[in-house]
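So the structure is just underneath, and the comments pick up after that.
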Protein chains: 2
Amino acid sequence: MCGILVSMTTDTPARLFQLLSLLQTPREWPGGELAERLGVSRRTVRRDVDRLRELGYPVQATKGSDGGYRLVAGKAMPPLVLDDEEAVAIAVGLRAGAGHAIEGVDEASVRALAKLEQVLPARLRHRVSTLQAATTPLTSGDGASVAPETLTVMASAIAGRERLRFAYRAGDGTATRRLTEPYRLVSTGRRWYLVAYDVDRADWRTFRVDRVNEPFATGARFDPRELPTGNAAEYLRQSMQRRQETYTFSVVFEAPAEVVAERLPAWLGAPEPLADGGCRLRATAGDTVEWLAVRLAMLGHPFTVQEPAELVECVRALGARLTRAADGDPRRA
Amino acid sequence: MCGILVSMTTDTPARLFQLLSLLQTPREWPGGELAERLGVSRRTVRRDVDRLRELGYPVQATKGSDGGYRLVAGKAMPPLVLDDEEAVAIAVGLRAGAGHAIEGVDEASVRALAKLEQVLPARLRHRVSTLQAATTPLTSGDGASVAPETLTVMASAIAGRERLRFAYRAGDGTATRRLTEPYRLVSTGRRWYLVAYDVDRADWRTFRVDRVNEPFATGARFDPRELPTGNAAEYLRQSMQRRQETYTFSVVFEAPAEVVAERLPAWLGAPEPLADGGCRLRATAGDTVEWLAVRLAMLGHPFTVQEPAELVECVRALGARLTRAADGDPRRA
DNA sequence: CCCTCTAGGTCAGACCATGTCCTAGATGTG
DNA sequence: CACATCTAGGACATGGTCTGACCTAGAGGG
């Protein structure tokens, strides 16, 4: 069995890595099979398993006639050993999610993406971008979309404490070049913001990520300053209020509050019940009204828009378009 | 700095794991700092780095006054070392994606999710489900959604070659219990299917995953049979044609084909240009018409639905609802 | 020019990792 | 019930290796 062609370097740590990867396959591995694949004796396998357990990765062993080893959930997160397809799948998934900015995991998600893309082999890299190109049209609809690359470059610069240089096109159209000490990425609703210290202007600024072009880390290290307002999200909120980038809307649904709440994204807040069995939702959004209109339509309940006027207008236009689509001029082919 | 509490077991493989995790942070690590954190001499760090390089993980070193080590993209995918938040972010992202079934990465994505959830510490597990609960209402809208747990259980059973038992509620409402040898998960458009060998019926079957309840692996191992039709996707296609679960729709847009194509998901195919500058899209979908209607509305171009009648009706209803929402009865508060 | 960093050689000694023996216990099958 | 199959783990001799201390060389930045 243990043939002569076992020319493995017999390096212990390497074997442990390999073992860890084998055990992550969701199946049971008998000790004998592991021994064979790793090119060591059964005893050594058992010792290696012990080793992994000591490292905090709980390997569960089932005894009996077709038992075996498998890695189960433990206290710490073991290093994930992914094959090519899985790595691509995760990268694509995270990039798709990066556009959405799911509250609560937004920044961690970008960090994970940055970590993954840092080590993603080149041959997989264009598979990811190809797939992503074929996928994103699903979700994006309005302009102002954010390139995942931009987010990962920023996340890396934040983690690596490197200065970040980029071109910025402000709301009024003026283009500037910025040299910053990036502090934190924050997402609100659908949009990403970078909170950073602007070196040239010697003050803190927030930047809309979709208005950033060609960001790159300069390589120069810096010691993170303290933000005047403790929390980056808080700072962003204040900064947005100053500039009034958000608008408030109010919608009345002809459905009970709890039914509507079920389908509402959490960050919009909860609707308040009304006396007649309906409910009203008042919230602020930073998105385009188009997007909000579609969102509301997707909820599947009759509703009435109260404000703002832009949203009313947008909903009216969308309704008109759909009605026309249904009635259809009899163009044939 | 290097306190006395460096009571690490000084185990070589453990240190390598730790080193790998440190190097995955997107920043530069000077050898001295690594030596300090790992509790070994600088020389040993250099040896460990060499070791990682031999294992196929390219560690890039920049010389000079503030150089250091960092892990870069190589030929193989190194084990990903994630912190808690990143792991949660990936899990949430993949689960959200699992509903979507992005063509090309669908199955790998579920496999990755199964792998991750297999080892996800318990304390993170409910953070994931909480976040997911707060997130999915965004995308799901129509019924028949698939629980990510179901998919991961299935993926694990397939990989582990374990028999799978579940309750199935057929299209006509009849409920049965099935014992299967799961073969492959396939996604089409928005829906997931399990191709499996039904042990009791002694034949191959396809199951809609959203109609599966309480799936669990029995633990009994089996040797995978060969599918009569080589490809699982092919088998599913034939099986769906027999049952006619899809419908064909046809829509005319008043916008150039290339403009519309930009925002269309790839799996719907390309619209064909018409003489008048518009274009027509004919495609088949397995989704509900509601979802398709919203999809079409989101494209942002005027259009006309030609068939099927259900879609016309649905678009009309949606349009009416939106129109009413804009005109609004003057209910106030 | 200096400083800081990586790169790599050599050497002695401690240490550990391995395979080959054991025995014990759990589990499912004939 | 005995049997096969698996995990669990102790003992031990031996060869290999891993470490730190010491060295030199080279690259980059200020």
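The values are calculated or read from the model by the stated rules, or taken from the named source; none is laboratory data. Fair warning: this is a prediction, and the values are worked out from it, not measured in the lab. Because the Cβ atoms are built from the backbone with ideal geometry, glycine has one as well, and the counts that use them run over all protein chains shown. Ligands, DNA and RNA are stripped out before the accessible areas are found, and what is left, the full protein with its side chains, is counted by its heavy atoms. Shrake-Rupley method; radii C 1.70, N 1.55, O 1.52, S 1.80 Å.
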#### Entry: Amide H contacts under 5 Å for residue A:183, placed H, 5+ residues apart
A:195, A:196, A:197
#### Entry: the stretch B:12-71 - accessible surface per residue (Å², probe 1.4 Å)
45
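What does the structure give for B:299-305 when I average, per residue, the other chain Cβ atoms found within 10 Å of the residue Cβ?
On the way: counts 2, 6, 1, 5, 5, 8, 6.
Average per residue, whole number: 5.
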### Summary
For the stretch B:14-73, the accessible surface attributable to carbon and sulfur atoms (probe 1.4 angstrom, ligands and nucleic acids excluded) amounts in percent to 43
### Query
Can you run phi through the Karplus equation (6.51, -1.76, 1.60; θ = phi - 60°) for the stretch B:32-44 and list ³J(HN,Hα) in whole Hz, with x for Gly and Pro?
x, 5, 4, 4, 4, 5, 8, x, 9, 7, 4, 4, 5
### Query
Between residue A:192 and residues 5 or more places away or on another chain, which pairs have amide H atoms under 5 Å apart, with H built 1.01 Å from N, and which residues are they?
A:209, A:210
### Summary
Probe 1.4 Å, protein heavy atoms only: B and A together bury a total accessible area in Å², to the nearest 100, of 9700
### Query
Can you list, bin by bin at 5 Å, the percent of alpha carbon pairs in the stretch A:247-327, starting at 0?
3, 15, 27, 26, 17, 9, 3, 0
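Out of the GluC sites (Glu not before Pro) in the stretch A:158-255, which ones are loop residues according to DSSP with at most 10 other C-beta atoms within 10 Å? Intermediate values should be presented prior to the final figure.
On the way: sites: A:162, A:226, A:234, A:245, A:254; in loops: A:226, A:245, A:254.
Qualifying residues, ordered by number: A:226.
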### Query
So, with +1 on the Cβ of K and R and -1 on the Cβ of D and E, and no other charges, what is the size of the charge dipole of the stretch A:12-71 about its Cα centre, to the nearest 20 debye?
120
### Query
Can you give the net charge of the other residues whose Cβ lies under 14 Å from the Cβ of residue A:35, counting K and R as +1 and D and E as -1?
+3
